[in-house]
1. Being farther than 20 Å from D424 by Cβ, crowded, with 20+ Cβ neighbours inside 10 Å and either assigned by TED's automatic domain parsing to the domain that holds A340 or away from ligand 1 (no atom under 11 Å from the Cβ) (or both) is the requirement here; does A257 meet it?
2. Of these, V214, V302, V282, V288, which one is more than 19 Å from the chain's Cα centre (by Cα), outside the structural domain of V438 (by TED's automatic domain parsing) and within 16 Å of ligand 1 (Cβ to nearest atom)?
3. Are there any pairs with C-beta distances below 8 angstrom linking a residue in the range 193-210 that is over 16 Å from R228 (Cα atoms) to a residue that is within 11 Å of ligand 1 (Cβ to nearest atom) and assigned to a loop (DSSP other than H, G, I, E, B), with the two at least 6 apart or on different chains, and if so which?
4. Quick one: which of E212, E182, E191 is in a helix (DSSP H, G or I), of a type in the set (D, E) and modelled with pLDDT under 95?
5. For residues in the range 213-233 being within 11 Å of ligand 2 (Cβ to nearest atom) and not basic (K, R), which is farthest from C305 (Cα to Cα)?
6. In the range 35-58, how many are touching a helix residue (DSSP H, G or I) at 6+ places or on another chain (Cβ under 7 Å), closer than 19 Å to Y8 by Cβ and not in a strand (DSSP E or B)?
7. In contact with a helix residue (DSSP H, G or I) (Cβ under 7 Å, 6 or more places away or on another chain) and without any contact (Cβ under 8 Å) to a residue 60 or more places away in the chain, is that true of M408?
8. Out of the residues in the range 275-303 meeting the condition of being among the aliphatic types (A, V, I, L, M) and more than 16 Å from ligand 2 (Cβ to nearest atom), tell me which one is nearest to E455 (Cα to Cα).
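The values are calculated or read from the model by the stated rules, or taken from the named source; none is laboratory data. As the structure is a prediction and not an experimental result, all values here were calculated from the model. We place every Cβ from the backbone using ideal geometry, glycine too, and count neighbours over all the protein chains shown.
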Amino acid sequence: MSMIAAFYGGKAILITGATGFMGKVLMEKLFRTSPDLKVVYILVRPKQGQTLQQRVFQILDSKLFEKVKEVCPNVHEKIRAISADLNQNDFAISKEDMKELLSHTNIIFHCAATVRFDDHLRHAVQLNVTATQQLLLMASQMPKLEAFIHISTAFSNCNLKHIDEVVYPCPVEPKKIIDSMEWLDDAIIDEITPKLIGDWPNTYTYTKALGEVVVQQEGGNLNIAIIRPSIMGATWQEPFPGWVDNLNGPSGLIIAAGKGFLRSIRATPMAVADLIPADTVVNLTLAVGWYTAVHRPKSTLVYHCTSGNLNPCNWGKMGLQVLATFEKIPFERAFRRPNADFTTNNITTHYWNAVSHRAPAIIYDFYLRLTGRKPRMTKLMNRLLRTLSMLEYFVNRSWEWSTYNTEMLMSELSPEDQRVFNFDVRQLNWLEYIENYVLGVKKYLLKEDMAGIPEAKQHLKRLRNIHYLFNTALFLIAWRLLIARSQVARNVWFFIVSFCYKFLSYFRASSTLNV
Ligand SMILES: CCCCCCCCCCCCCCCCCCCCCCCC(=O)SCCNC(=O)CCNC(=O)[C@H](O)C(C)(C)COP(=O)(O)OP(=O)(O)OC[C@H]1O[C@@H](n2cnc3c(N)ncnc32)[C@H](O)[C@@H]1OP(=O)(O)O
Ligand SMILES: NC(=O)C1=CN([C@@H]2O[C@H](COP(=O)(O)OP(=O)(O)OC[C@H]3O[C@@H](n4cnc5c(N)ncnc54)[C@H](OP(=O)(O)O)[C@@H]3O)[C@@H](O)[C@H]2O)C=CC1
């Protein structure tokens, strides 16, 4: 019997960010392994004209929850969606709901965050720092609370090269940042943002670092743990391989490469691609919840959920495997044949951006205009280039994360728990994982049918022929222009033609003699 699964039985669990990528995988695993849990409270904001219930039903109706519905048929009764906006005071939770949360909650998993790299500092501070502070305040009023698990990111200290499982201080105290956001106007915040974030690459990583400091400073007597996943990718094994539902991290770029938009990316092939499957993060999170509640460590423990030091893969290997998978499992209606490459310096990056990204987009938009349609490719390409520039920081560096606490926790688990809540990335086969990831992107993000693969392959063949034709025409035009202008080119041309003629005559003569 799994001790961790048994631990969550009968518990009231509060999850923030349950409608996000990690939150859904976390809820799924909780219900599948502990169907006898009491209730899962989720803080949800109404969105896109959907009520809370509609949002919950949409999640439960997805393929991700198919197994859960078999194991826990009354899952919908056990999810209690509470209307909340983490940007508001007291999260805009009603008095009755707040009362219920405060008096019943046993465990908190705080996953909600803004993960946008370019978010305005005010918004990023509000969600990643102030909301964390408010949640801690709520937690301190929960008499039955056994553990508070805060999800951070392995990149919260990406300004360092070697990162230990400790909370590092920030140059400016989070409290001062929170206060200043209240009275500074947007224009001034914009102006001081680069100075405040210093050597952090964006507001996301900076505010996640501030969030950790808040957790450490304001955790009081709570049993707290911080989990730092690296780049969360599709699921590895559970509930099935390859599940993914947003474009963050590599997923968006896999689509861009598979559809033929992405032709080159400034990345260091040997740099470590520290991806971590979402189900691995969730298994560690649930194990940490159990350990923190049962063993009550004296201080706040930080757990790195990374792959680089135990089972490293690099961007070069990952890129090649992504491309190899497109051969077997192409995406439908590609713009060009998938054929991306890495560039390593500014000059080649600018060159390939002009030749492989911007020029085809301009030509295609010209074609769309000619045929009376609205041009859209240049806009899309500009967006892709902006995304690439934001991700570049992470694909041109390697970090070392120590994993003592994570390894310690693994050794504390029973063999059964090590199996059910497996977070040992040494067992991960990267080639198999990446193939399933690409397949998952096709099925769950692009919603493409596997039956369309033969047609997709045909389409790629047509694109290849168009590519050859286009290149041949371009070469002939360039050559013709060169011959018209240069005597040397003319001489070379006559030499080649006469050489070919002689070779053909010799070949024909010798084959006649053989007969
Ligand atoms: C040798 C052979 C080589 C071959 C190579 C080919 C293979 C390529 C695949 C492998 C390469 C993989 C490289 C991956 C690099 C990953 C690095 C990630 C680092 C993460 C470190 C931190 C991890 C974390 O802790 S948190 C999670 C990370 N957060 C994110 O990833 C968020 C990033 N996104 C953003 O910040 C924004 O979305 C931004 C700035 C990128 C775009 O903002 P903008 O306002 O312009 O657009 P949006 O309104 O957000 O969206 C517009 C449009 O774009 C789509 N989109 C959104 N995000 C992405 C994305 N990441 N990639 C692609 N497209 C994206 C979005 O859906 C919208 O589309 P619409 O059609 O308009 O709806
Ligand atoms: N994805 C990754 O690669 C990594 C993620 N992490 C961390 O893991 C955690 C989960 O990330 P992930 O699942 O990918 O993120 P998502 O962007 O998929 O999910 C974010 C969640 O936060 C919720 N949220 C955002 N703003 C508010 C608000 N104002 N009020 C209420 N809820 C809000 C969202 O709700 P809604 O659906 O309404 O938008 C959503 O449920 C985050 O803390 C992130 O920093 C760490 C490392 C890597």
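1. Numbers: farther than 20 Å from D424 by Cβ: yes; crowded, with 20+ Cβ neighbours inside 10 Å: yes; either assigned by TED's automatic domain parsing to the domain that holds A340 or away from ligand 1 (no atom under 11 Å from the Cβ) (or both): yes.
Here the answer is yes, as A257 does meet what is asked.
2. Numbers: V214 fails: within 16 Å of ligand 1 (Cβ to nearest atom); V282 fails: more than 19 Å from the chain's Cα centre (by Cα); V288 fails: within 16 Å of ligand 1 (Cβ to nearest atom).
Answer to the check: V302.
3. Close Cβ pairs satisfying both conditions: W200/C158; P201/F117; P201/C158; N202/F117; N202/D118; T203/F117; T203/D118; T203/D119.
4. Details: E212 fails: modelled with pLDDT under 95; E191 fails: modelled with pLDDT under 95.
Of the residues listed, the single one that is in a helix (DSSP H, G or I), of a type in the set (D, E) and modelled with pLDDT under 95 is E182.
5. Residues of the range 213-233 that are within 11 Å of ligand 2 (Cβ to nearest atom), as a first pass: 226-233.
Among the residues that remain, those that are also not basic (K, R) are: 226-227, 229-233.
On the way: I226: 10, I227: 7, P229: 4, S230: 6, I231: 9, M232: 10, G233: 12 Å.
Restricting to residues being within 11 Å of ligand 2 (Cβ to nearest atom) and not basic (K, R), the top hit is G233.
6. 2
7. Details: in contact with a helix residue (DSSP H, G or I) (Cβ under 7 Å, 6 or more places away or on another chain): no; without any contact (Cβ under 8 Å) to a residue 60 or more places away in the chain: yes.
Spelling it out, it is not the case that M408 is in contact with a helix residue (DSSP H, G or I) (Cβ under 7 Å, 6 or more places away or on another chain) and without any contact (Cβ under 8 Å) to a residue 60 or more places away in the chain.
8. Residues of the range 275-303 among the aliphatic types (A, V, I, L, M): 275-276, 278, 281-282, 284, 286-288, 293-294, 301-302.
Add one more test, that the residue is more than 16 Å from ligand 2 (Cβ to nearest atom), and what stays is 287, 293-294, 301.
On the way: A287: 45, A293: 54, V294: 55, L301: 52 Å.
Of everything passing the filter in the range 275-303, A287 is nearest to E455 (Cα to Cα).
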